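Novice: Sharing a structure here in structure tokens format.
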Amino acid sequence: MTALYIILGIVAFLAALIIFLIFPAARRHPDRKILSGLYIAHRGLHDLEGAAPENSLSAYRLAVEKGFAIEIDIHITADGEIVVFHDDTPKRVCGASGKIEDMTLSELKALRLAGTDEQIPTLRECLDTVDGRVPLLIEFKCLKNPAPLCEAANEILKDYKGKYFIQSFYPPVLAWYRKNRPDICRGQLSTVFGKDDPGFYVFLTWLFTNVIARPDFVSYDFLHKKQFFRRLCTLLGAFPVGWTFTGKEQVESAKDSFDTYIFENFLPDRGNTDAKK
């Protein structure tokens, strides 16, 4: 009997520890209601074979015209500017070598997106283009000290009149916002990482890093909608966002798991023109 009590005690301790680790923000951020039912255009309404490549001002204009919220990605450059670009290098989209964070703004501005006349935009240019007409979901690209990126982005965003949310795969970004800008709704990005990824990513898969981030929402790869810890985190109060849907059928198949849909390569039936800003 004593052995049974010991086993039950260990099980109870482990369960409590897991809940402590993955528990989201205790608050229910008021902006969660804006996320509910939102369709978010991944990197804008883009087409790498057309005139509106990903994360271009044209792609943002198209999303605004259709009434869709927009997901963007930001980096800090070598000279401290904030640019909107997804990859760590410009190779795939611009055909150039180097790392975004090792290049200056002028070097990046000399490049063109997917063979078009579009340049890599700055965060300020993106904000001026969207002008608060649809919500923005801003992914912070960072795998080291997040302070320079967060501080520089916040300096630009603090006077923005439109509605925006922040998210990142890197929990210290959310921790920075938790400490310095608790008024901003923040989300933890994650997926089921592979065996070749660093060990840290196992904890991110399981959302154990929430002990650092305490996110308001969890933005998870919809292909892994049944992942146990993702579902548990939702039950504990995290708002469920899914990425990246590429067809209406995928959205329909995941509506029991997610309330917000980051999409690309198709047009949902409706935009979000009624979304509060």
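Novice: Using 1/(1 + (r/R0)^6) with R0 = 51 angstrom and r between the beta carbons of Thr89 and Leu14, what's the FRET efficiency to the nearest 0.05?
Specialist: 0.80
Novice: Also: Restricting to Cα pairs below 8 Å that are 6+ residues apart, what does the relative contact order work out to for the stretch 1-82? Please round to a whole percent.
Specialist: 21
Novice: Grab the Cα-Cα distance for Leu235 and Glu252, subtract it from 0.36 nm times how many residues apart they are, and report the gain in nm with one decimal.
Specialist: The Leu235-Glu252 span can extend by a further 4.0 nm.
Novice: Return the loop-located GluC sites (Glu not before Pro) in the stretch 1-103 (DSSP other than H, G, I, E, B) with at most 15 other Cβ atoms within 10 Å of their own Cβ; answer none if there are none.
Specialist: Glu49
Novice: Quick one: net charge around Lys225, please, counting Lys, Arg +1 and Asp, Glu -1 for every other residue with C-beta under 15 Å from its C-beta.
Specialist: Taking every Cβ under 15 Å from that of Lys225, the sum is -1.
Novice: Around Ser253, with a cut-off of 13 angstrom between Cβ atoms, what is the net charge of the other residues, counting Lys and Arg +1 and Asp and Glu -1?
Specialist: Surrounding charge for Ser253 is +1.
Novice: Right, next: Kindly identify the stretch 1-159 as rounded, prolate or oblate by the Cα gyration tensor criterion: order the square roots of the eigenvalues as a ≥ b ≥ c, call it rounded if a/c is under 1.5, otherwise compare a/b with b/c, prolate if a/b is larger, else oblate.
Specialist: Verdict is prolate for the stretch 1-159.
Novice: While we're looking at this one, here's another question. Considering only protein heavy atoms, what is the solvent-accessible area of Asp128 at a probe of 1.4 Å, reported in Å² to the nearest 10?
Specialist: Rounded to the nearest 10, that gives 120 Å².
Novice: Taking square-rooted eigenvalues a ≥ b ≥ c of the alpha carbon gyration tensor, is the chain rounded, prolate or oblate, where a/c under 1.5 means rounded and, failing that, a/b exceeding b/c means prolate?
Specialist: In terms of gyration-tensor shape, prolate.
Novice: Still on this structure: List the residue ranges in the chain for DSSP H helices whose C-alpha atoms run 24 angstrom or more along the long axis and whose Kyte-Doolittle average is 0.0 or above.
Specialist: Span-like helices, by this rule, are 2-22.
Novice: Which whole-number percentage describes the relative contact order of the stretch 1-160, with Cα contacts under 8 Å and a sequence gap of 6 or more?
Specialist: 21
Novice: Further, regarding this structure: On the accessible surface of the chain, probed at 1.4 Å, how many percent belong to carbon and sulfur atoms?
Specialist: Carbon plus sulfur share of accessible area: 56 percent.
The values are calculated or read from the model by the stated rules, or taken from the named source; none is laboratory data. Because the structure is a prediction, the values reported are computed rather than measured. Because the Cβ atoms are built from the backbone with ideal geometry, glycine has one as well, and the counts that use them run over all protein chains shown. The protein model used for the area step is the full one, side chains on, heavy atoms only, and it has no ligands, DNA or RNA in it. Shrake-Rupley method; radii C 1.70, N 1.55, O 1.52, S 1.80 Å.
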